[in-house]
Structures are given as C-alpha cells and as structure tokens.
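Undergrad: Structure incoming, see below.
Nothing in this text is a laboratory measurement; each read-out follows from the coordinates by a stated rule. For clarity, every value in this text was computed on a predicted model and none was experimentally measured. A quick note on method: Cβ atoms are made from the backbone with ideal geometry, for glycine too, and the neighbour counts reach across all protein chains shown.
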Amino acid sequence: MIPVSVRVDLPLITANARAACELCGRFGIDVWGVTKAVAAQPGIARAMLDGGVTALAETRLSAVNRLEESGVPGPYWLLRSPAYCEVAETIALADGSLVADRGVLDLLQAEARRTERRHRVLVMVDMETGREGFLPAEVGDVCRHVLAQSHLELEGLGIYFEAQGDADQQAATLVRLRDLADRLGRELGRPIPMISGGSTSIVRTQLLDGRQPAGVTNVRLGTAILLGIASSVGPRTIPGFHQDTFVLSCELNEVKVRGRRLGLLAMGHTDADPDYLYPLQPGVKVVKAFSDHTLVDLEEADPSLQAGSTLRFHLGYYALTKLMHSPWVRHEFVR
C-alpha cells in the first residue's frame, strides 16, 4: 500500500471545463484544455473534452502520444515551439504547434511536405511578456513566410503572460496584440483567424472582471479547469468553479512533541511542492519539506491525529504537477 494518494474527481473537472467554456464564451473566446500538469492522463483529458474544450494542449510530445494511443480525440497542440530534434515527431503527432523560431518553420514545412501532412502554426508574439515569441516588428514577415508554405497553415497569433501579471498591463498588451492582428489582416488581404490571449492568468485579471478586450478568440487553460483557481498564491479561487477536483491524502508516519506538537508525512520535495499544499484539517500547518518527508505543525490541530492518521490537502499548481507525474503516488479516479 502506498501512503500517498491523490483522489481525482473527473465529473468536477468536467464541470470546471464547462464553467470555463461558458465564462469565455461570453466574450466569444474558445478554450483549449491544457493537460501538462497531469501528465496527459487520458481520463482527465476526456473530462476536459466532455466539458467543451475545443482542443488539448501539451508541452511534451510523449504526452501527446499517450493521448493518441489512449484513443482520446484531438486536435492536439504542442504548447511550445518545437525543438529542432523534435520536428519529425511534432509533424507525426501534433495537429499544430506554437512557434517562436523562424528556422523551425522551415523544418516543419519540409517534414510536413515529405510525409504529406498539414501542420497548423500559432505564431507567438513577444510583447515584453516574459517568455517566447517574435518581436512585433518581425511578425508580419513570419506570417507571410507561413502563408507561402505548401504544408503549413497560419492559425493565428498567440501571447504568454506570467502568472502574477498586472491587470492593466495585460489589458493594454492584449489591445496591442489585437491591433497588430487587425493591421496584419489588412496587409495580408485575409483576417488572422485566431488571437490566443494567454492562459489562466487572464481569467483572474480580465475575464472575471469583465474587462477582456474585444478581439481575443482563444485561451489555453489548465489551472482554472483542473483546480478551480486563478492563482496558486493564496490560493485565489474562481467563483462557480470546484476546488475539490484533486485531494491529496498522506499518512502521518510520526507524531512527536518538540516544544510543540509536530508530525512527519511520508512524502517530500520528491513528491510535491510544500509551498502549494493547503491543509483541509483545521490547525494543520506545513512547516517545511525534505527530500522524502514533510514536517507539519499539529499544535493547534485535532489531538486525535497520531501516527497512522491521514492528513488531506487541496493543491496548488506546482504540487499538482509533481504529484501527478510521480510513480510513488497512487492516483484514484472518481468517475
């Protein structure tokens, strides 16, 4: 028996996906479900699709392969620019990819032509948002280059925001991205099909407050659907979303008094990020973690908690990611 387990409630994940699609639909925005935090677990991917997401997005091609081999319907998007060494596999497995490098476009075209496939491209734009993308001045030439290729399709423009972005800055940047897309559409003589306006961070800063700029047509959501939160810091819950989707249970393997009442859990940094564990039992506090143990303060908790008792936790994003990728954690699915 494994002393660490995560209970996964698939109907609640479906409900969150449906709520996300309804929220975004008010602004004319469709939703891709991001499965990278849960190792592309097929049941979770299906739960997202059941809730209405229009595509599944992953950062690892092995995860895309897992979805495909499990019979989970696509389309599948590679959620980052492919490495050069991954081009053949990208064309074989993914329907499209986010691209931030000119050279990889030529490699994708060559492989798609060789294998007689078509591949969709979302051109990422770097507007000082903290991660990948072409500079705005480069985007026109890049889009023309994509349109000139026989086996590539221009899906649109995309942007990334850091998780703790400023709402006003994000709104202004999205307006700039929309205006860039409008200008390019006029220059190219055809509209830019999609503007992918970011991930869960804009749920908190734009959608919930009803300030989403017009023109954004897509978002890529993982955390909001999986955990019902807009930020792991706090955490900041989303009204109308479920937070009981994933519940961690871990056995206390020692309880002792060292000036205060302390307990040791049979898991550590190897299994989860202790900063993103939120105790469900009153009075329990996470103190710190070691490689394979986590120290908890039980001084104000129920005195009946002893060695062999089980503590339960809600999760933040980074704890979820480790727990769902760990071979030493039992995953129990509620269907």
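Undergrad: Counting Lys and Arg as +1 and Asp and Glu as -1, each charge on the Cβ, what is the dipole of the chain about the Cα centre in debye, to the nearest 20? Before the final figure, lay out each step's value.
TA: On the way: 35 positive and 40 negative charges, 63 e Å.
Here the size comes out at about 300 debye.
Undergrad: Moving on to the next point. Got the relative contact order for the stretch 246-334 handy, in percent, Cα pairs under 8 Å and 6 or more residues apart?
TA: 36
Undergrad: For a protection proxy built on the mean count of beta-carbon atoms within 10 angstrom, sort 271-281, 288-298 highest first, please.
TA: Most protected by this proxy first, the peptides run 271-281, 288-298.
Undergrad: What is the distance in Å between the Cα centres of the stretch 50-68 and the stretch 144-213?
TA: Each part's Cα centre sits 21 Å from the other's.
Undergrad: Relative to the longest principal axis of the C-alpha atoms of the chain, give the angle of the C-alpha long axis of helix 136-147, reported between 0 and 90° and rounded to the nearest 10°.
TA: Tilt of helix 136-147: around 70 degrees.
Undergrad: With each label point set 7 Å from Cα along the Cα-Cβ vector, what nm distance links residue 258 and residue 310?
TA: Those two pseudo-labels are separated by 2.7 nm.
Undergrad: Run the numbers for residue 186 and residue 302: contour at 0.36 nm per residue of separation, minus the present Cα-Cα distance, in nm. List each step's numbers first, then the result.
TA: Working: separation 116, 0.36 × 116 = 41.76 nm, distance 6.59 nm.
Value of the extension gain: 35.2 nm.
Undergrad: Relative contact order for the stretch 113-157: what percent, with Cα pairs under 8 Å and sequence separation of 6 or more? Spell out each step's value before the answer.
TA: Details: 57 pairs, mean separation 22.1, N = 45.
Relative contact order for the stretch 113-157 comes out at 49 percent.
Undergrad: What length, rounded to one decimal in nm, is gained on full extension from residue 292 through to residue 30, with 0.36 nm per residue of separation minus their alpha-carbon distance?
TA: Numbers: separation 262, 0.36 × 262 = 94.32 nm, distance 4.10 nm.
In short, 90.2 nm is gained.
Undergrad: Quick check on packing: order 56-64, 238-246, 133-141, 222-230 by the mean number of other C-beta atoms within 10 Å, highest mean leading. Please report the intermediate quantities before stating the final value.
TA: Working: 56-64: 20.8, 238-246: 18.7, 133-141: 15.8, 222-230: 26.4.
Going from most to least packed, we get 222-230, 56-64, 238-246, 133-141.
Undergrad: Ranked highest first by the average count of other Cβ atoms within 10 Å around their residues, in what order do 80-86, 11-17 fall?
TA: Working: 80-86: 16.4, 11-17: 21.9.
Order by mean packing, descending: 11-17, 80-86.
Undergrad: Next question, about the same structure. Once you keep just the Cα pairs under 8 angstrom separated by 6 or more residues, what percentage relative contact order results for the stretch 10-228?
TA: 19
Undergrad: While we're on this one: Toward the positive end of the charge dipole of the chain, about the Cα centre and with charges on Cβ (Lys, Arg +1; Asp, Glu -1), which of 56, 152, 43 goes farthest?
TA: It is 43, whose Cα lies furthest towards the positive end.
Undergrad: Turning to a different aspect of this structure: If you take the charge dipole of the stretch 10-228 about its Cα centre, with +1 on Lys and Arg Cβ and -1 on Asp and Glu Cβ, which of 85, 72, 100 is farthest toward its positive end?
TA: About the Cα centre, the residue reaching furthest to the positive side is 72.
Undergrad: Still on this structure, I have one more. Over 10 Å intervals from 0, what percent of Cα-Cα pairs in the stretch 246-334 sits in each interval?
TA: It works out to 18, 56, 24, 3, 0, in whole percents.
Undergrad: Once fully extended, how much extra length lies between residue 88 and residue 69, figured as 0.36 nm per residue of separation less the alpha-carbon to alpha-carbon distance?
TA: Extra length from residue 88 to residue 69 when fully extended: 5.1 nm.
Undergrad: Right, here's the next one. Charges at C-beta only: +1 for Lys and Arg, -1 for Asp and Glu. How large is the resulting dipole of the stretch 246-334 about its Cα centre, in Debye rounded to 20?
TA: On the way: 9 positive and 11 negative charges, 27 e Å.
The dipole magnitude comes to about 140 debye.
Undergrad: Also, quick follow-up: State, to one decimal in nm, how far the label point of residue 325 lies from the label point of residue 62, with both points 7 Å from Cα in the Cβ direction.
TA: Label at residue 325, label at residue 62, 1.0 nm between them.
Undergrad: Straight-line reach from residue 288: which aspartates and glutamates have a Cα under 19 Å away, not including same-chain ones fewer than 8 places off?
TA: 251, 254, 271, 273, 275, 297, 299, 300
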